[in-house]
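A short write-up of the structure that comes next.
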Amino acid sequence: MAAHDTGSEGRRAGFDRTGRVHRRGSVFLVLFIAFVLIGASASLVMLGQERAQPAILFFLAALATIGIFSLFGVAAGILRTGGDEGRPLLKSVLDSAGNGVLVTDSSGRVVYANAAYLDLIGAADDKDVRPIERVFIGDPDVSESIYRLLKAAREGRRLREEVRVPGAKSGAAREPARWLQLLVRPLDDKSDLTVWSITDVTRDRERHENIFQELQHAVDYLDHAPAGFFSVDAQGEVVYLNATLAGWLDHDLAQVGSGGLKLTDIVAGEGAVLLTTLNATAGEVKTEVIDLDLKTRTGKPVPVRLFHKVAFGADGVPGISRTLVLNRGREEGAAGDPQRAAEVRFMRFFHNTPMAIATVDKTGRIARDNPRFARAFEDALKDGERSILRVVAERDRGALEAAIRKAAEGQSDIVPVEASLVGGGERWATFFVSAVDEEDRDSEAAIIYALETTAQRTLENRINQQQKMESVGQLAGGIAHDFNNVLSAIMMATDFLLNAHKPTDPSFSDIMQIKQNANRAAALVRQLLAFSRKQTLRPQVLDLNETLNDLTMLLKRLIGEKVSLVPALSRDLWPVKADLSQFEQVIVNLAVNARDAMPDGGKLTVHTANVPASEAHGYAYKGMPDADYVLIEVGDTGTGIPKDIIDKIFEPFFSTKEVGKGTGLGLSTVYGIVKQTGGYVYVESKAGETTFRIFLPRHMPGAEEGIPKVTDAPAIAGAVSQVDKAVRAVSTDLTGQGRILLVEDEEGLRALNARGLSSRGYTVLEASNGVEAIEVLEREGAVDLVVSDVVMPEMDGPTLLKELRQRDPKIRVIFVSGYAEEAFQKNLPQGEQYAFLAKPFTLKQLVAAVKETMTA
């Protein structure tokens, strides 16, 4: 294929077969019409004159009608005359076009080719006009493209290809190769003609190759420049890393751009957050100068200075960054420059300190910050102005503003600001504000150190709550102990009065009323002791499903008909070790509270489940270690518990009920019993749903539980069991004989107890404390039984027992106390034998315990 230069001879004419085709079509039409007219004339001649005249008139009218309509068609453009078939203007444009144009029919025959096409294929004359496939026949580099183009032409599709054509030989030399762009398309939807366009794009390709070469040189320069370069997208993926920086950091360039290298892989510590938390307005291009440490693949820090440039889109989303990296550890003279070394040390201190640090101007706008600050307050500062006032709750902004204002004025010793932080959840921080040098106060007025104190406050609140509950518990326990002494005296006195009066006596009902109220007061005291965890428990192995099933009828009576009870008890529930009566008290108290929260009716759900240690962590309750628990959930659909009082519901005497409708001890009793059993109780509440969750430790047969129990020693267990049997037994004969030493510091109660025992036949010696008891024994001699209080002045009960054991190892002892047995048991030697009777007690309980102990 050769090119011909026609510039000196004027532009040559193109090849056009369309004119001949149209003229041949017109001759045929004329001949056809002529034959029709001759046939019509012959037919008229054969007819007679009379018969031919009407036919001639009809024939002439038909020709006239056809002629008139043809004239209208030509005028309206519906019919075309032979004069416009050549379209001289369009043909002139195609002939003078710079790119070659070829038109072929469905059989591939050339219909039209302009002069540029003839020049491109090197055609000598019209006879040398060839279609595309014949022009490039035998050229293997072009044949595949020609095949695809011909296939597209047959299918009526549009297709573009670029091919490289070897240059023609000129003597011994060969002309340079050329690049041609070939385009094929159908002429229109109605025609079967195909238009080929051929353009010489050699110069464009050469220009592109030059640009590519220049770009390659630029990339090569960038890769081996004495500075590092990298780019990061909005997702934190490194999309470009030059060879210099890759060499500094010992990273493989093959990882770059494939998602294998993240910003956090090349930036040490939390420094990456400084690059991803830039704030800017939509459309802004922002550049920051940042000193930080990059890190090598092995984790070694590399001190650098970054010129970090990010363009933000119209939607405010950051684009791909362009970052220049200067290696401060490799700069000339850096190794021996003490100032440079000091700057690097300060940078590392500033970025790696566990405290959030920022510098602000007079208005609170952040000028610089370290990674810890950017990370801590990222959510509050991600949109809008970077002002430190935006991270603080509105109610505390005034205090922080005042502190910044003092720093701007050069004041020192500014009081730290405790402030609540914005955002989800309850977060707190302490802000320490200090002034900067006077010459820098225009851009940086203050340095602010922020220390988040959320965890500390949470711990303090929890400790304060625990201390408050412990203090209230100690108070309640002390009150209960004193009350027990009073109630014991009242109950003992009423027993004497009842024995002295017959049921028909008018005062008998009054005495019974006194006794009943004393019993009610004793029940309240037991609840106080339950809260203070100082009551005596009798733990036993329980199947809570069975226990709850036994309580079903009682609970239904308690909650009434408006509230439906929905038990949801899990199968194969683990056993627990707890006091049966106290556990029942817990469930009853929770059910009564739920009933009161549903005055219009609702649903009470009791659910049990095993919670293995692996699942206990998922509840995320503070103070509860991971262990195996049995869960008891008591839920209701009532009014819910307001957030402002939910932390107070376990406090004794706290109640939201009307005066006279509750003691405020129900939930505090639940809290105390669960805690004394070694479990945990939590509450979650919202409008229409409240759930109490009780976690009791799983009982493992043969294992020692961490819950208090009175059966630590077999001898104690035997003694307690004997006392329990004595108290519960209904004996007809409670009289006895023997010498009893009664030790009680409450004189009135001691006198009543002595009187009761004496009335049953015992000889009673009295003492007000342990020291006096020893003196009585030394003076009166041995006794058969010692009944002693626990808490007494000068010498308490456990100390007295030790002294008695030294004199008589076999002496029998009954301790009586308003406190739980566990309160003093730790002060006794392991395996010590004694019996225990909890205050308040009746005369019958006292003499029954004495007789059972003396006859054991």
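The values are calculated or read from the model by the stated rules, or taken from the named source; none is laboratory data. No experiment lies behind these values; they were computed from the predicted model shown. We place every Cβ from the backbone using ideal geometry, glycine too, and count neighbours over all the protein chains shown. With ligands, DNA and RNA removed, areas are computed over all heavy atoms of the protein, side chains included. Shrake-Rupley method; radii C 1.70, N 1.55, O 1.52, S 1.80 Å.
Brief remarks on what is shown
- Listing of helices (runs of 4 or more DSSP H) fully contained in the stretch 11-125 that carry 1 or more residues being at pLDDT below 70, open to solvent by less than 90 Å² (accessible area, probe 1.4 Å) and in contact with a helix residue (DSSP H, G or I) (Cβ under 9 Å, 6 or more places away or on another chain): 18-46, 49-76, 88-95
- Look at the stretch 344-362: where a residue is farther than 15 Å from Y449 by Cβ and a partner is hydroxyl-bearing (S, T, Y), sitting 6+ places away or on another chain with Cβ atoms under 7 Å, you get D361/S443.
- Counting residues in the stretch 536-547 that are touching a residue at least 60 places away in the same chain (Cβ under 8 Å), under 20 Å from P701 (Cβ atoms), open to solvent by 40 Å² or more (accessible area, probe 1.4 Å) and not in a loop (DSSP other than H, G, I, E, B) gives one or more.
- Test result for D293, at pLDDT 85 or above, touching a strand residue (DSSP E or B) at 6+ places or on another chain (Cβ under 6 Å) and under 23 Å from T353 (Cα atoms): yes
- Test result for V232, within 30 Å of F373 (Cβ to Cβ) and either more than 42 Å from the chain's Cα centre (by Cα) or in contact (Cβ under 8 Å) with a residue 60 or more places away in the chain (or both): yes
- Condition check for R297 on (1) open to solvent by 30 Å² or more (accessible area, probe 1.4 Å); (2) in contact (Cβ under 8 Å) with a residue 40 or more places away in the chain; (3) within 14 Å of G228 (Cα to Cα): one failure, at (3).
- Options K362, K406, K382: the member that is under 19 Å from K286 (Cα atoms) and either of a type in the set (V, I, T) or open to solvent by 80 Å² or more (accessible area, probe 1.4 Å) (or both): K382
- Top-ranked residue in the stretch 385-403 [being assigned to a loop (DSSP other than H, G, I, E, B) and touching a strand residue (DSSP E or B) at 6+ places or on another chain (Cβ under 6 Å); ranked as surrounded by the fewest Cβ atoms within 10 Å (Cβ to Cβ)]: A393
- Any hit, the stretch 441-453, residues being in a helix (DSSP H, G or I), modelled with pLDDT of 75 or more and either in contact with a strand residue (DSSP E or B) (Cβ under 7 Å, 6 or more places away or on another chain) or surrounded by fewer than 19 Cβ atoms within 10 Å (Cβ to Cβ) (or both): no
- Checking the stated criteria, R372 turns out to be surrounded by 15 or more Cβ atoms within 10 Å (Cβ to Cβ), of a type outside the set (A, V, I, L, M, F, W, C) and at pLDDT below 85.
- L278 being surrounded by 18 or more Cβ atoms within 10 Å (Cβ to Cβ), of a type outside the set (V, I, T) and either in contact with a strand residue (DSSP E or B) (Cβ under 6 Å, 6 or more places away or on another chain) or assigned to a helix (DSSP H, G or I) (or both): yes
- Any hit, the stretch 585-605, residues being open to solvent by 50 Å² or more (accessible area, probe 1.4 Å) and of a type in the set (S, T, Y): no
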